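Worksheet for the structure shown next.
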Amino acid sequence: MKIIGERLRSLRESVRLSQAKLAKEFDVSQSALARYEIDDSTPSPEVFLKYADYFDVSLDYIFGRTDDPHGMIYNNCVKLGLNNPEMARFVEMCFDPGSAMNERLKATLVQMLSEVETK
């Protein structure tokens, strides 16, 4: 996919790094990096992750699934209230059942989440 090579080159050029310097950073050869950028070769999953971590972008961006470097679900807002079954399970998972201290902490957390939910 041509977009991948373009994105890889664009990321590198955006911070004014040479292929040689980035190749050294990623522990790959400069020629391998050049092949990635012209879409003549595909990086390994590990190299894709190095790009994403180094440039602080999502793999969705690198693969051309979105033009937002943060990815497709970056702005997804999680519902905090206890009406969200996932949040309710998370709260239950965080505390040992039967412990008086944990029950008080759990009650405080439930109260805080209820207040957030009503706002």
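The values are calculated or read from the model by the stated rules, or taken from the named source; none is laboratory data. These figures come from a predicted structure and were not determined experimentally. Cβ placement follows ideal geometry from the backbone for every residue including glycine, while neighbour counts extend to all protein chains displayed.
Things worth noting here:
- Checked against (1) over 18 Å from Pro69 (Cβ atoms); (2) more than 19 Å from the chain's Cα centre (by Cα); (3) not basic (Lys, Arg), Glu46 meets all criteria but (2).
- Residues that are surrounded by 13 or more Cβ atoms within 10 Å (Cβ to Cβ) and not in a helix (DSSP H, G or I), drawn from segment 1-30: Leu17, Val28, Ser29
- Contact annotation: residue pairs with Cβ atoms under 9 Å, 6 or more positions apart or on different chains, pairing a residue in segment 10-39 that is in the same structural domain as Tyr51 (by TED's automatic domain parsing) and on the phi > 0 side of the Ramachandran plot with a partner that is modelled with pLDDT under 95 and assigned to a loop (DSSP other than H, G, I, E, B), are Asp39/Met1.
- Reported count of residues in segment 49-59, each being farther than 15 Å from Ser10 by Cβ and either crowded, with 17+ Cβ neighbours inside 10 Å or touching a Pro at 6+ places or on another chain (Cβ under 7 Å) (or both), is 1.
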